Structure formats: structure tokens, C-alpha cells
Amino acid sequence: MSTEAPTKVTECPICLESPMAVPIYQCFEGHVLCSSCENRLNDCPACRMPLPKDRKIRNRVLEDLQPDMPTPRASCPSQQCPALFHNATDLQHHLLHGCVYRKVPLCQLLAIDHEPCNQQFSAVEAKEAAAHLVTCHGHHCKMLAPREPQNAMRTGSFRFFVWNSRLVVLEFLNFEGTQMLKIKPFILAPQSEASKFKVQLSSWTWHDYGLRTLEQVMKNHNSRRSESVGPMWSLVEFCNSGGCGGSPSIHIGTDTSKCVFMYEIVLE
């Protein structure tokens, strides 16, 4: 959305309101001014002639043009966000789907702990959010290194990492009554960013071949490798839905007790 200044013809020469709200008044010589300034002034500031107070003159041409003129700029309510908008619709869309400075209750959305946690973080606060998860929720969350292999997870556990200056959180769940692994990938970013990326999970499953380390599993020719790719879920969008709705998940149909996986972020 362009933020260029409206043309001078729509601007009040005294208070600089732009564009002027209806009604728009003028003096006998045609100099225009807004209704607020017309009410408090006796003389036209341009030609110094007395303003017609008994029978005010409205500029109907400019008033008729008002529907086609941009509304005054509105700023984003998120702290530090420099974005400006010409109408409330664009502002609302930006706030819901595009603002990287909007804070959301990360821990509440993910239901990380039974104890309520009211800490809020924005997309640009990935490092601060990661530090909070380590410090306050370390018994449920663990930070990953890039391409770090992981073994079986207990249901309800979380793994997270900072990628491309954004916090990515993986929630691990088991299907009830099965050994299938379900992973929900979240990113602390607006939907406009999250939609550009996918999470690719590579998993290795094995039977008891005397393998004792993750490296042995991944290199052994008897280990079966499979890959699953799924979309990332914006935590900002998740907040818009009230923390409910169909967040995407990646399914790995395997025995999670004998499973090693690694993650990778890929462009859509």
C-alpha cells in the first residue's frame, strides 16, 4: 500500500488535515479550509478577507471527490512497527497476517506447561523466546542444533530452534493406541512468512541389529529411511483462531521406539 502524501488540494492550509473531512468550506475567493479551522477563524488565512459566517460557502466539488480520496494514514498499534496504512481494512489485515512486531502468548498457544505462562513474544524476538523456553520450560522443551539427529520422543514434548531469525517449534504427539508419530511444526511468524516454507523430516527406522548410536542407525544399510514434508503453521495465525483449529501435522508411520529423525526447512 502506497504511503505517498495526498495532493495539496485535499489538505487544509491551516491545520494540514489531509484529506479534509466533509464539510469543506471556502472563502469568497475560493480558498478552502476544513470545518474545524473555519469555525475558529474570522478571516481567510490566504487573502485576509472576512469569512462568510452568516451564509457559509461549501466547496461541493472537493466534497464530491472525498469518496475517491485516501483516508488519513493509520499506524500499526504494534510497538516498533513503522507501517502506515490509508484505511482500516488494510491495517487490520496487516495486524492479523503480516506484522512481525505483533506479540502473541507463545506458551499459552502451545499449552507447553500446566502452569499458566503469560509471556508474549513477536516474530523478531526469536532469541528471547528461545531463551525463555530453555529457562522456564526446560523440562518440556529442548533446543535443537541444525540437522541434529533425534531419537524417540515422548508425547507432548517440544523441540525448537532459531532458523532464519525466526523461532520454529516442533510438537511431538503419538496417535492414541498406535506407534505412529505425529509432528506439528509451528513458526513464530505471520502467515505471510510461514506460507513460504515447509518442514521436511527424514526418519530412519530399524530392527534390533545391535545398533547402539544414532550415527550407526543412519549409516546402516538395513535401516529404512523415509521422508515426510508438511507446511509450517504460523503461531500468529494460530492466535487469530483462538488457539484452536486445524493446525497442520506431519505423520510418520513407524515404530517411534526405534526411530531417528532429522528436520530441514525448505522453501515452498
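Between beta-carbons, use under 12 Å as the cut-off and find the net charge around Asp43, counting Lys and Arg +1, Asp and Glu -1.
Values: positive: Arg40, Arg48, Lys53; negative: Glu29, Glu38.
It works out to a net charge of +1.
Report the percentage of all Cα-Cα pairs in segment 8-97 whose separation exceeds 20 Å, rounded to a whole percent.
Values: 1787 of 4005 pairs.
Tail fraction, whole percent: 45.
Taking the beta-carbon count within 10 Å as an exposure proxy, list Glu171, Glu128 from fewest neighbours to most.
Ascending Cβ contact count within 10 Å gives the list Glu128, Glu171.
With r defined as the distance between the Cβ atoms of Ala88 and Ile14 and R0 fixed at 25 Å, what FRET efficiency is calculated, to the nearest 0.05?
Efficiency, from the Cβ-Cβ distance: 0.40.
Could you pull out every residue, at least 5 positions away or on a different chain, whose amide H is within less than 5 Å of the one on Cys99? Hs are placed 1.01 Å off N in the peptide plane, and Pro or chain starts have none.
none
Values in this text are rule-based calculations from the coordinates and carry no lab data. In this text the structure is predicted, and so the values were computed from the model without any measurement. Cβ coordinates were reconstructed from backbone atoms using ideal geometry, including for glycine residues, and neighbour counts include every protein chain displayed.
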